[in-house]
Amino acid sequence: MREKIVHHAVEMFLNYGFKSVTMDDIANALGISKKTIYQHFDNKTKLVEATVMHVFEIISEGIDAICALGKNPIEEIYEIKQFVMTHLKDEKSSPQYQLQKYYPSISSNLKQKQFEVMQSCVKANLERGIAMGIYRPNLNVEFISRIYFNSMIAIKDKDLFPLQYFSMNEIMEYFIEYHLRGICTSRGRDTLNQFINDQS
(Lines give C-alpha, C1' and ligand atoms only; values in the text may rest on other atoms or scores of the structure.)
Protein backbone atom coordinates (compact mmCIF):
# COMPACT_ATOMS: atom_id res chain seq x y z
CA MET A 1 0.00 0.00 0.00
CA ARG A 2 2.85 2.37 0.83
CA GLU A 3 4.29 1.94 -2.69
CA LYS A 4 0.86 2.44 -4.23
CA ILE A 5 0.38 5.70 -2.31
CA VAL A 6 3.83 6.97 -3.35
CA HIS A 7 3.23 6.03 -7.00
CA HIS A 8 -0.10 7.91 -7.15
CA ALA A 9 1.27 10.86 -5.18
CA VAL A 10 4.16 11.21 -7.65
CA GLU A 11 1.74 11.38 -10.58
CA MET A 12 -0.46 13.97 -8.88
CA PHE A 13 2.36 16.15 -7.51
CA LEU A 14 4.11 16.29 -10.88
CA ASN A 15 0.90 17.08 -12.76
CA TYR A 16 -0.69 19.55 -10.34
CA GLY A 17 2.07 20.68 -7.97
CA PHE A 18 3.04 19.99 -4.37
CA LYS A 19 1.01 22.90 -3.03
CA SER A 20 -2.36 22.25 -4.68
CA VAL A 21 -2.61 18.47 -4.14
CA THR A 22 -4.05 17.61 -0.72
CA MET A 23 -4.07 14.36 1.24
CA ASP A 24 -7.82 14.20 0.51
CA ASP A 25 -7.11 14.41 -3.24
CA ILE A 26 -4.67 11.50 -3.03
CA ALA A 27 -7.03 9.42 -0.88
CA ASN A 28 -9.92 10.05 -3.31
CA ALA A 29 -7.79 9.15 -6.34
CA LEU A 30 -6.79 5.88 -4.69
CA GLY A 31 -10.30 5.14 -3.38
CA ILE A 32 -9.00 4.81 0.18
CA SER A 33 -9.51 6.77 3.39
CA LYS A 34 -7.14 9.53 4.43
CA LYS A 35 -6.57 7.53 7.60
CA THR A 36 -4.95 4.77 5.50
CA ILE A 37 -2.43 7.27 4.13
CA TYR A 38 -1.65 8.48 7.66
CA GLN A 39 -0.88 4.89 8.68
CA HIS A 40 2.11 5.07 6.32
CA PHE A 41 2.98 8.78 6.45
CA ASP A 42 2.69 11.00 9.54
CA ASN A 43 1.89 14.09 7.47
CA LYS A 44 2.00 15.56 3.98
CA THR A 45 5.64 16.65 4.39
CA LYS A 46 6.69 13.02 4.97
CA LEU A 47 4.75 11.95 1.87
CA VAL A 48 6.31 14.74 -0.21
CA GLU A 49 9.76 13.65 0.95
CA ALA A 50 9.08 10.00 0.07
CA THR A 51 7.80 10.90 -3.42
CA VAL A 52 10.72 13.27 -4.10
CA MET A 53 13.29 10.64 -3.14
CA HIS A 54 11.43 7.99 -5.16
CA VAL A 55 11.62 10.14 -8.32
CA PHE A 56 15.25 11.04 -7.59
CA GLU A 57 16.21 7.34 -7.36
CA ILE A 58 14.46 6.50 -10.65
CA ILE A 59 16.12 9.40 -12.48
CA SER A 60 19.56 8.68 -10.96
CA GLU A 61 19.40 5.03 -12.03
CA GLY A 62 18.29 6.06 -15.52
CA ILE A 63 21.13 8.57 -15.87
CA ASP A 64 23.66 5.97 -14.70
CA ALA A 65 22.30 3.51 -17.28
CA ILE A 66 22.60 6.08 -20.10
CA CYS A 67 26.15 7.03 -19.05
CA ALA A 68 27.12 3.33 -18.98
CA LEU A 69 26.30 3.04 -22.71
CA GLY A 70 29.38 5.14 -23.56
CA LYS A 71 27.65 7.07 -26.35
CA ASN A 72 29.02 10.15 -28.06
CA PRO A 73 29.12 12.77 -25.24
CA ILE A 74 26.91 15.22 -27.18
CA GLU A 75 24.26 12.59 -27.87
CA GLU A 76 24.51 11.45 -24.23
CA ILE A 77 23.58 14.93 -22.93
CA TYR A 78 20.48 15.07 -25.13
CA GLU A 79 19.45 11.54 -24.21
CA ILE A 80 19.69 12.33 -20.49
CA LYS A 81 17.64 15.48 -21.03
CA GLN A 82 14.92 13.49 -22.83
CA PHE A 83 14.86 10.84 -20.10
CA VAL A 84 14.57 13.42 -17.31
CA MET A 85 11.84 15.39 -19.10
CA THR A 86 9.79 12.22 -19.65
CA HIS A 87 9.92 11.36 -15.95
CA LEU A 88 9.15 14.91 -14.80
CA LYS A 89 6.11 15.27 -17.12
CA ASP A 90 7.70 18.29 -18.85
CA GLU A 91 7.59 19.96 -15.39
CA LYS A 92 4.24 21.64 -16.14
CA SER A 93 3.58 22.21 -12.45
CA SER A 94 7.14 23.50 -11.73
CA PRO A 95 7.73 20.82 -9.05
CA GLN A 96 11.29 21.85 -8.20
CA TYR A 97 10.31 25.51 -7.85
CA GLN A 98 7.33 24.64 -5.64
CA LEU A 99 9.46 22.29 -3.57
CA GLN A 100 11.96 25.07 -2.92
CA LYS A 101 9.18 27.48 -1.93
CA TYR A 102 7.00 25.26 0.28
CA TYR A 103 9.37 22.50 1.45
CA PRO A 104 12.81 24.19 1.66
CA SER A 105 14.53 21.54 3.80
CA ILE A 106 13.48 18.71 1.44
CA SER A 107 14.55 20.89 -1.50
CA SER A 108 17.97 21.52 0.05
CA ASN A 109 18.54 17.82 0.69
CA LEU A 110 17.47 16.95 -2.86
CA LYS A 111 19.75 19.62 -4.35
CA GLN A 112 22.76 18.12 -2.56
CA LYS A 113 21.92 14.64 -3.85
CA GLN A 114 21.33 15.98 -7.38
CA PHE A 115 24.66 17.79 -7.29
CA GLU A 116 26.54 14.60 -6.38
CA VAL A 117 24.91 12.62 -9.22
CA MET A 118 25.20 15.36 -11.84
CA GLN A 119 28.74 16.35 -10.88
CA SER A 120 30.15 12.88 -11.52
CA CYS A 121 28.08 12.42 -14.69
CA VAL A 122 28.93 15.83 -16.22
CA LYS A 123 32.63 15.55 -15.33
CA ALA A 124 32.82 12.13 -16.98
CA ASN A 125 31.02 13.52 -20.05
CA LEU A 126 33.45 16.47 -20.27
CA GLU A 127 36.55 14.30 -19.84
CA ARG A 128 35.37 11.89 -22.55
CA GLY A 129 34.53 14.76 -24.91
CA ILE A 130 37.99 16.28 -24.40
CA ALA A 131 39.69 12.92 -24.98
CA MET A 132 37.67 12.44 -28.21
CA GLY A 133 38.58 15.93 -29.47
CA ILE A 134 34.99 17.20 -29.60
CA TYR A 135 35.32 19.43 -26.50
CA ARG A 136 38.07 22.04 -26.14
CA PRO A 137 41.21 20.63 -24.47
CA ASN A 138 41.74 23.62 -22.14
CA LEU A 139 38.39 23.38 -20.33
CA ASN A 140 38.39 23.54 -16.53
CA VAL A 141 36.23 20.47 -15.92
CA GLU A 142 35.53 21.30 -12.27
CA PHE A 143 34.35 24.81 -13.14
CA ILE A 144 32.23 23.83 -16.16
CA SER A 145 30.49 20.98 -14.30
CA ARG A 146 29.51 23.34 -11.45
CA ILE A 147 28.29 26.06 -13.83
CA TYR A 148 26.25 23.43 -15.68
CA PHE A 149 24.58 22.25 -12.47
CA ASN A 150 23.86 25.78 -11.26
CA SER A 151 22.38 26.74 -14.62
CA MET A 152 20.14 23.66 -14.62
CA ILE A 153 18.76 24.83 -11.26
CA ALA A 154 18.41 28.46 -12.42
CA ILE A 155 16.41 27.70 -15.58
CA LYS A 156 13.70 26.09 -13.42
CA ASP A 157 13.07 29.41 -11.66
CA LYS A 158 9.64 30.45 -12.93
CA ASP A 159 10.24 34.10 -11.97
CA LEU A 160 13.25 34.18 -14.32
CA PHE A 161 11.76 31.97 -17.02
CA PRO A 162 7.94 32.27 -16.95
CA LEU A 163 6.06 29.42 -18.63
CA GLN A 164 4.10 31.86 -20.79
CA TYR A 165 7.36 32.63 -22.63
CA PHE A 166 9.06 29.22 -22.67
CA SER A 167 8.06 25.61 -22.16
CA MET A 168 10.47 23.67 -19.95
CA ASN A 169 11.42 21.56 -22.96
CA GLU A 170 12.38 24.68 -24.97
CA ILE A 171 14.43 26.10 -22.11
CA MET A 172 16.33 22.82 -21.77
CA GLU A 173 16.98 22.69 -25.53
CA TYR A 174 18.23 26.31 -25.58
CA PHE A 175 20.45 25.80 -22.56
CA ILE A 176 22.02 22.54 -23.75
CA GLU A 177 22.86 24.05 -27.16
CA TYR A 178 24.25 27.17 -25.43
CA HIS A 179 26.39 24.97 -23.15
CA LEU A 180 27.70 22.77 -25.94
CA ARG A 181 28.53 25.62 -28.34
CA GLY A 182 30.66 27.11 -25.59
CA ILE A 183 32.76 23.98 -25.02
CA CYS A 184 32.92 22.27 -28.43
CA THR A 185 35.85 22.24 -30.83
CA SER A 186 35.08 22.86 -34.53
CA ARG A 187 34.78 19.07 -34.91
CA GLY A 188 32.40 18.99 -31.96
CA ARG A 189 30.29 21.77 -33.48
CA ASP A 190 29.97 19.75 -36.69
CA THR A 191 28.71 16.80 -34.61
CA LEU A 192 26.32 19.09 -32.71
CA ASN A 193 24.94 20.69 -35.90
CA GLN A 194 24.43 17.27 -37.46
CA PHE A 195 22.65 16.04 -34.32
CA ILE A 196 20.35 19.11 -34.19
CA ASN A 197 19.54 18.78 -37.91
CA ASP A 198 18.72 15.09 -37.49
CA GLN A 199 16.36 15.92 -34.60
CA SER A 200 14.43 18.62 -36.49
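Using only Cα atoms, what is the ratio of the radius of gyration of segment 22-94 to 2.2 N^0.38 Å? Walk me through the intermediate numbers first.
Working: Rg = 16.7 Å, N = 73, 2.2 N^0.38 = 11.2 Å.
The reported ratio for this selection is 1.49.
Expressed as a whole percentage, what fraction of the accessible surface of segment 1-130 belongs to carbon and sulfur atoms when a 1.4 Å probe is rolled over the protein heavy atoms?
Working: 3390 of 6590 Å².
Ligands and nucleic acids excluded, carbon and sulfur reach 51 percent.
Would you list the membrane-span-like helices of the chain, meaning whole DSSP H runs whose alpha-carbon atoms span at least 24 Å along their axis and whose mean Kyte-Doolittle value is at least -0.5? Walk me through the numbers on the way to the answer.
Working: long enough: 44-68 (36 Å, 0.78); 104-132 (40 Å, -0.28).
Helices meeting the span and hydropathy rule in the chain are 44-68, 104-132.
Near the amide H of TYR135, under 5 Å away, which other amide H atoms are found, from residues 5 or more places off or on another chain, if H is placed in the peptide plane?
Here ILE130, THR185 satisfy the definition.
In Å², and per residue, what accessible area does segment 58-138 have when probed at 1.4 Å with the other protein chains present?
Working: 4000 Å² over 81 residues.
The answer is 49 Å² per residue.
Counting C-alpha atoms alone, how compact is segment 1-54: give Rg to one decimal and Dmax as a whole number, in angstrom.
Rg then Dmax for segment 1-54, in Å: 9.6, 25.
Where does segment 69-200 land on the Kirkwood hydrodynamic radius, alpha-carbon pairs, in angstrom? It would help to have the intermediate numbers written out before the result.
On the way: mean 1/r = 0.0637 Å⁻¹.
Final number for the Kirkwood radius of segment 69-200 is 15.7 Å.
The values are calculated or read from the model by the stated rules, or taken from the named source; none is laboratory data. What you see is a predicted model, and the numbers here were worked out from it, not measured in a lab. Surface accessibility is based on the protein's heavy atoms, side chains included, excluding ligands, DNA and RNA. Shrake-Rupley method; radii C 1.70, N 1.55, O 1.52, S 1.80 Å.
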